[in-house]
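Enquirer: Sharing a structure with you now.
The values are calculated or read from the model by the stated rules, or taken from the named source; none is laboratory data. Quantities reported herein were computed from a predicted structural model and do not represent experimental measurements. Please note: Cβ atoms are built from the backbone with ideal geometry, for glycine as well, and neighbour counts cover all protein chains shown.
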Amino acid sequence: MCMTKNQHYVPRFYLKNFANSCKCLYAYNIKDKRIISTTPESICLENNLYETELKDANEKMGKYVIENDIENKFCKHEGNYNKLIEKIKSICVQNQNEDALILNSSDEKELLYSLIANLIVRNPKNIGYLNNLQGNIRNSGEYQTIDNMLKQMDIGGTESIFIAAQKRVGLTEDFENSVPKIITEQLRKTNFTFYYALENEFLTSDVPIIFGNDTYLPRNDIGLYFAITPKIAIIFGNYKISENKRNRMVKIKGKYVDSFNKIFFDENNLKFQRWIIGTSEEILRKYTKEMK
């Protein structure tokens, strides 16, 4: 089996929703301050992003610790994530009854939480953090025992193996206390509302989830914004409107869509992004001109 080297940190099935009729999308390069035309296949990816290079190990073990392990785990879920988005798109249309529930089962809600958690953790900045052993693991008794055992077996590569395990906990749902499961647990406690843009279009970025503590929410509650398509976004937060419109759709005018789009151009958010993405060059130029 060939190894997948070009690994997307924003999945193609999601980016395709922001492509135009020519199957292209437009992206504003924050560093270079320029707009390019590209495709979902050609953006938001890095070579061997999820791989853990096997260092100080017997050459017979290969170059990576279980190559494509994380990549394959992500790919396994993407079909179901895509089906969920397609269902949301089919229901959230302009003539939809605003009192109708969008997601009808607990399984669909859990899949939504899983999708959001996945998009949060797979960002390259987070991967970079996971590529180094955290805390005092190297000095622990468990590490020393396994290191001695692997050296006696002429295998080695202890640090790389521990880093690969650390990535499993930080990126996948394999363990009870993994980061995605912790995020999912927090999302279960928070109301969510779908917003439909009657005018204008939602933008997205290579950090599609705007996530963190919101000053308007009770302490330890979270606020989260996620543009699913150019016409549909979802807001998590325990606001009054989210209590009344939980799992329902609210139609909004262009000025409110504009407010959400400006979130991506906030100075704090620009520090974490490489690309801001939309369906046309015109919509991106509108916001980049306002930055000057």
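Enquirer: Do any helices (runs of 4 or more DSSP H) lying entirely in segment 90-207 carry at least 3 residues that are in contact (Cβ under 8 Å) with a residue 24 or more places away in the chain, and which ones are they? First the steps, then the outcome.
Expert: Working: elements: 106-121, 124-130, 141-152, 158-171, 179-188.
Passing ranges, in order: 106-121, 124-130, 158-171, 179-188.
Enquirer: Could you tell me which numbered condition Ile36 fails, if it satisfies all but one of (1) under 17 Å from Ser205 (Cβ atoms); (2) without any contact (Cβ under 8 Å) to a residue 12 or more places away in the chain; (3) assigned to a loop (DSSP other than H, G, I, E, B)?
Expert: Condition not satisfied by Ile36: (3).
Enquirer: Could you tell me whether Lys251 is basic (Lys, Arg), under 25 Å from Asp99 (Cβ atoms) and either part of a strand (DSSP E or B) or modelled with pLDDT of 90 or more (or both)? Lay out the reasoning, then the answer.
Expert: On the way: basic (Lys, Arg): yes; under 25 Å from Asp99 (Cβ atoms): yes; either part of a strand (DSSP E or B) or modelled with pLDDT of 90 or more (or both): yes.
In short, yes.
Enquirer: Which of the residues spanning segment 92-117 are surrounded by fewer than 17 Cβ atoms within 10 Å (Cβ to Cβ) and more than 19 Å from Ile183 (Cβ to Cβ)?
Expert: Selection gives Val93, Gln94, Asn95, Gln96, Asn97, Glu98, Asp99, Ala100, Leu101, Asn104, Ser105.
Enquirer: Any residue in segment 55-63 that is touching an Asp or Glu at 6+ places or on another chain (Cβ under 9 Å), surrounded by 17 or more Cβ atoms within 10 Å (Cβ to Cβ) and of a type in the set (D, E, K, R)?
Expert: no
Enquirer: Moving to a separate point now. Output the residue which, of all residues in segment 258-291 that are without any contact (Cβ under 8 Å) to a residue 24 or more places away in the chain and within 15 Å of Ile35 (Cα to Cα), is surrounded by the fewest Cβ atoms within 10 Å (Cβ to Cβ).
Expert: So, considering only residues that are without any contact (Cβ under 8 Å) to a residue 24 or more places away in the chain and within 15 Å of Ile35 (Cα to Cα), the one surrounded by the fewest Cβ atoms within 10 Å (Cβ to Cβ) is Lys289.
Enquirer: Restrict the check to segment 73-84 and report whether at least one residue is among the hydrophobic types (A, V, I, L, M, F, W, C) and more than 18 Å from the chain's Cα centre (by Cα).
Expert: No: segment 73-84 contains no residue that is among the hydrophobic types (A, V, I, L, M, F, W, C) and more than 18 Å from the chain's Cα centre (by Cα).
Enquirer: Quick test for you: out of Lys87, Lys83, pick the one residue that is without any contact (Cβ under 8 Å) to a residue 24 or more places away in the chain, within 18 Å of Ala227 (Cα to Cα), of a type in the set (D, E, K, R) and surrounded by 14 or more Cβ atoms within 10 Å (Cβ to Cβ).
Expert: Lys87
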